[in-house]
Amino acid sequence: MTAVLTPRTNADRATWSIGAPRLLAGLDTRAALDLRAHAGVHGPLPQPDLPRLLALLDDSRLTGRGGAGFPLAAKLRALRSGAHRVIVNGSESEPASGKDRVLLRRSPHLVLDGAVIVAAALGARHVDVGVHDAAAATALRRAAAERTGDGAVTVRVVQTAPGFVGGEARALVRGLDGKPQLPPGRRELPTGRGVVVSNAETFAQVAVLVRMGARRFAESGTSAEPGTTLMTLGGAVQRPGVVEVPIGVPLGIVLDAAGAPPLQAVIAGGYHGSWLPADPALRLSRAGLKEAGGTFGAGVLLAVDQHTCALGELARVAGWLAGESSGQCGPCLFGLPALARDVQALAAGHARALPEAMRHAQVVSGRGACSHPDGAVGFVTSGLRLLRTEIEAHLAGGCGRPVRRLLPLGTAA
Amino acid sequence: MTRAAHAAEQERLRVDWTRCDGHGLCAALLPDRITQDEWGYPIVHRDAVAAGELAGARRAVAACPALALRLTRGDER
């Protein structure tokens with residue numbers, strides 16, 4: 001019954017879908033879509049002007065797919081007047097996530113289509129794509145060289161620094177401008193400097209939307225959140241990979257399709273997300289996850305089966321999150337390692353470590369320049385709240401299960 | 001002034017965490033509203049500064065050797 005559990009971080013991931021694929025169209029039979037294959041699969045690209053683009057974005061309620069879920073139309077409207085730039089955030093520095101890499105390596109033209117549409121509608125001349133995956137950078141450069149129909153818009157592919165925090169949008173913008181790739185200490189929104197920065201999948205969704213129109217786009221998904229979404233499925237499932245699903249699909253459907261054994265928990269939203277009970281009725285949408293006390297984030301879903309030590313897995317990720325602090329902010333630099341040590345001590349059976357962990361979590365919360373400390377704290381505390389029985393077993397001498405290293409860590413190549 | 005407008009005008013103490021080195025002068029000067037965590041970094045318990053408290057708050061801002069403590073209005077950071 002048990003699947004063989006191998007962390008997968010570097011390999012090209014399998015792709016599959018529930019319902020007709022949009023973003024992943026054509027990838028079932030081809031390794032990657034060059035310009036010719038892309039045109040064959042997706043068809044010609046309309047170029048809406050700005051009012052038309054905004055109407056499409058409003059009608060489809062398209063939100064950013066990097067984690068924060070901000071409406072793209074509102075982002076475009078918030079731009080200050082003057083010269084504009086478009087930045088595609090392809091950093092994907094979450095080790096459990098692979099969806100942007102799959103898009104950028106295998107369907108780069110779809111992402112570039114969306115970025116060029118937004119740039120042309122804004123009258124912007126430049127699209128920057130920030131990636132730190134070498135294969136994605138190669139695929140994008142090859143794709144950019146193939147393109148001829150982008151008019152005045154030029155595409156530049158920049159290989160950026162790795163690191164979880166370096167993928168934060170404001171850090172990426174600073175990195176592309178030749179500054180240290182770190183979040184700024186003061187409130188500094190890219191839109192205030194005429195910069196649109198959004199996740200790679202967001203732009204691929206734009207490319208799908210302008211071709212389908214808002215009505216057909218909304219034939220999938222929920223009324224509040226139309227369309228499909230990419231998710232990266234990992235952990236104890238027989239068919240891990242990048243999957244395209246209608247927004248709002250029940251968790252049970254996805255787990256069945258993925259071949260999941262009985263589970264202790266799922267982790268939704270990646271390592272800034274949360275541990276949740278594997279409730280088959282849970283709706284995989286922003287609203288559904290929020291109702292369950294979690295976040296959709298960038299669509300990472302990890303299955304934790306009953307044959308691994310969940311508290312040990314939590315401790316591994318807590319240690320990784322501590323190591324990913326960029327070191328700029330004291331409470332994060334010192335607080336996250338303290339929190340990670342607490343979780344380790346708890347796994348080793350020390351009862352006092354639980355209240356200490358909750359205290360450290362509270363001390364760190366809200367005291368950083370970016371969302372890393374809060375995201376890390378949310379991940380750890382949701383795990384500590386969910387794993388009550390597991391914690392009791394550890395305090396009574398151990399859960400008897402090995403730590404199988406089910407949750408992928410390390411910077412994905 | 002409406003309550004919302006008043007809240008937007010309210011001056012608040014903010015820490016730029018990328019600058020703060022935990023020198024602790026703010027906690028020494030404003031002990032009733034700022035304490036230090038176990039690593040010496042400030043915990044601001046009450047960030048809204050009333051008109052009568054502005055002079056003391058400005059003194060703490062000026063004393064910060066890292067220029068990390070600020071007084072801002074509304075949702076500025």
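Just so it is clear, none of the values below were taken in a lab; they were calculated from the coordinates. These numbers come from a predicted model, not from an experiment. A quick note on method: Cβ atoms are made from the backbone with ideal geometry, for glycine too, and the neighbour counts reach across all protein chains shown.
Things to note:
- Taking GluC sites (Glu not before Pro) as exposed when DSSP calls them loop and at most 14 other C-beta atoms lie within 10 angstrom, chain A has its longest site-free stretch at A:220-413.
- Across all Cα pairs in the stretch A:238-382, the calculated P(r) in 10 Å bins from zero up to the longest distance comes to 12, 39, 32, 16, 1 percent per bin.
- Computed over the stretch A:230-305, the P(r) curve from all C-alpha pair distances, binned at 10 Å from the origin, holds 22, 64, 14 percent per bin.
- Acute angle (nearest 10 degrees) that the helix A:310-323 long axis makes with the longest principal axis of chain A, alpha-carbon atoms: 60
- Ranked list, fewest to most other Cβ atoms within 10 Å of each Cβ, for A:113, B:37: B:37, A:113
- Across chain A, C-alpha contacts under 8 Å between residues 6 or more apart give a mean separation that, scaled by the residue count, equals a relative contact order of 19 percent.
- Applied to the stretch A:252-261, the Karplus parametrisation 6.51 cos²θ - 1.76 cosθ + 1.60 on θ = phi - 60° returns per-residue 3J(HN,Hα) values of x, 5, 5, 5, 4, 5, 7, x, 9, x Hz, with x for Gly and Pro.
- For residue A:179, the lysines whose Cα comes closer than 30 Å to its Cα, not counting residues fewer than 8 places off in the same chain, are A:75, A:99.
- For the residues A:302, A:103, A:395, a GNM of chain A with alpha-carbon springs under 10 Å puts the largest fluctuation on A:395.
- According to the calculation over all Cα-Cα pairs in the protein assembly as shown, the P(r) per 20 Å bin from zero is 23, 53, 24, 1 %.
- GNM result for chain A, Cα springs below 10 Å: residue of A:185, A:294, A:26 fluctuating most strongly: A:185
- The stretch A:74-218: Cα Rg divided by the 2.2 N^0.38 Å rule of thumb: 1.00
- Simple spin-label estimate for residue B:53 and residue B:10 in nanometres, 7 Å along Cα-Cβ: 1.0
- Fewest-first ranking of B:18, A:148, A:160, using other Cβ atoms within 10 Å as the exposure measure: A:148, B:18, A:160
- Paramagnetic reach from residue B:43 in the stretch A:342-374 [backbone N under 15 Å; point 7 Å along Cα→Cβ]: A:355-368
- Spin-label model, residue A:81/residue A:39: points 7 Å from Cα along the beta carbon direction are separated by 3.9 nm.
- Of the trypsin sites (Lys or Arg not before Pro) found in the stretch A:30-61, the ones in coil according to DSSP and having at most 14 other Cβ atoms within 10 Å of their Cβ are A:30.
- Where both bridge residues fall in the protein assembly as shown, DSSP classifies roughly 55% of the beta bridges as antiparallel.
- Across the stretch A:310-412, Cα pairs under 8 Å and at least six residues apart give a relative contact order of 34 percent.
- Considering only A:250, A:190, A:44, the mean-square fluctuation computed in a Gaussian network model of chain A, springs between alpha carbons under 10 angstrom, is largest for A:44.
- For the stretch A:284-289, 3J(HN,Hα) per residue [Karplus equation, 6.51 cos²θ - 1.76 cosθ + 1.60, θ = phi - 60°, Hz, x = Gly/Pro]: 7, 8, 4, 5, x, 5
- Relative compactness, the stretch A:310-412, computed as alpha-carbon Rg over 2.2 N^0.38 Å: 1.03
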